[in-house]
Amino acid sequence: MTTTAAPATTPPRADTGWGALLVLLTGTFVTLLDFFIVNVAIPSIQVDLRAGPSAVQWVVAGFGLALAAGLITGGRLGDLYGRRRLYVIGLGLFTLASAACGLAPTAGVLVGGRVVQGVAAALLMPQVLAIINTVYTGDRRSRAFSAYGVAVGLGAVFGQLIGGLLIRADVAGLGWRSIFLINVPIGAAAVAAARRLVPGSRSATGARLDLVGTVLVTIGLLAIVYPLVAGEPADWCLAALPPLAAFALHQRRLAAQGGAPLVNPRLFTDSSYTVGVLVSLAFQLTMASFFLVLALYLQDGRGLSALASGLLFVPLGVGYLVTSMLSGRTAARSGRRTLTIGTLVVAAGYGLLALAADAPIGWLVPGLTVAGAGMGFVVAPLPSIVLAGVSPRHAAAASGVLSTAQQAGNAIGVALIGSVFYHALDAGPVPHAFTLSLDVLVALGVAVAVLVRLLPHRAA
């Protein structure tokens, strides 16, 4: 027996206020912050928990692996069982997992907590974009997506600085544990507020989760991401082809039979969505990888502490915040042109940093500011542009696919640029490796700007 997705039930309230957005962005901020903040705590974790290299690697990679593998399923669960419900469940689970990480007595417990954090983030993150895309309209929608971009930037750009400040403050002697325990009161407050402020919506009644599709896509995504985060040979990723091909065939067959596929193939009939997902993946190749090589350059190449290197992220963050707040209105007028300009500005910032790699540390500030400004013109409006033509009934599933592409881009970019960086160390000092990595990032940025031209002309 097959079922057909019904139109959205429990329609969003027309008067949804900004309190709901604040609650949603709180979940976005804490999950993205934890993705980046843990890097500065690694030395302390190694000493306190006697963690070996493998355990340390999985403290970082376990979160990203679980997140990337679960986003599509998390999005579909929101469509089927209610986006607010899945957001609350995800944030509640993330809060409990953060407490487990902060209280972890061994490295094994910490790794397990990080994996659960990733699963929880996969449940809540697609719901944020989906709810914003369905409950806000017109200018309010553009402003909501701009605010989402600001939250993403605060979590990603300032993660290292916030982590350094928390560890330096050593509140109640907690040391590195404070970077996880701080999530507990924040998460608990957001869960309580979500039930009252966030409107409920779902897209289907009577439909069931596509279990076969869930298994196939999870295996396929794990086969892509695992070799990259674990440092295995890149050709291991070819193992993802059979399960992903089987997943695509299964989704088409299920849709043709009138069923409820995990990812409806109709999503990809919209060229704006299809190209937008590719642009998101390609742009993310340059984001996490840049943060990685910048942190390595500042700490290993220039001898800065975690806090001092985190302070150098401030110019990048200032540039990001200024343009991300302007990007909503700019994208509404100029559409894809905003993304083209943003990617080229990011590339210009990387170029300035390459020229200043051997100069006094202060000469990095202009390049960091320019790169951050370019990021704000891309990260903030991109989800709005990509999801503009998506039907409300598929909103969370579409958001899950988009978020998966972004996480896959992060993993592939770190593997690619990380390989360039470490191979360059064999031929020269850290500044040389940093410069060569930036040269590759500049080329990637220009390529993304070309790819953006394939987007339709319509504005966000």
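Okay, here's what the table says:
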read-out	value
Rounded tilt (10° steps) of 138-157 against the dominant C-alpha axis of the chain	40
Stretchable slack from residue 255 to residue 235, in nm (0.36 nm times residue separation minus alpha-carbon distance)	4.0 nm
Relative contact order (percent, whole number), the chain, Cα cutoff 8 Å, 6+ residue spacing	24
The range 20-96 versus the range 393-460: alpha-carbon centroid distance in Å	21
Where only alpha carbons of the chain are counted, the Rg and the Dmax (Å)	21.0, 69
Solvent-free Debye scattering, log10 I(q)/I(0), computed from the Cα coordinates of the range 266-460 at q = 0.12 Å⁻¹	-0.58
Rg/Rh ratio calculated on Cα atoms of the range 17-200 (Kirkwood radius)	0.98
Which of 399, 272 has the fewest Cβ neighbours within 10 Å, and the rest in rising order	272, 399
From phi via Karplus (6.51, -1.76, 1.60), per-residue ³J(HN,Hα) for the range 171-182 in Hz, x at Gly/Pro	4, 6, x, 7, x, 5, 5, 5, 5, 9, 5, 5
For the range 183-196, 3J(HN,Hα) per residue [Karplus equation, 6.51 cos²θ - 1.76 cosθ + 1.60, θ = phi - 60°, Hz, x = Gly/Pro]	6, 5, x, 5, x, 4, 5, 5, 4, 5, 6, 4, 5, 9
Sequence-distant residues sharing a close amide H with residue 380 (under 5 Å, placed H)	none
Ranking of 423, 394, 432 by count of other Cβ atoms within 10 Å, fewest first	423, 432, 394
Computed over the range 34-86, Cα set: Rg, Dmax in Å	15.5, 45
Size descriptor, Kirkwood hydrodynamic radius, that averages inverse alpha-carbon separations across the range 285-393, Å	14.7
Under 5 Å, built H, 5+ apart or other chain: amide partners of residue 312	none
Between helix 336-355 and the chain: long-axis angle, C-alpha atoms, 0 to 90°, nearest 10	20
Within the chain, helix-based [θ] at 222 nm, where runs of 4 or more DSSP H residues each add -39,500 (n - 2.57), nearest 500	-24500 deg cm²/dmol
On Cα atoms only, tilt of 159-169 relative to the major axis of the chain in degrees	60
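Where a number appears in this text, it was derived from the coordinates with a stated rule and is not lab data. Fair warning: this is a prediction, and the values are worked out from it, not measured in the lab. Cβ: placed from backbone, ideal geometry, glycine included. Neighbour counts: every protein chain shown.
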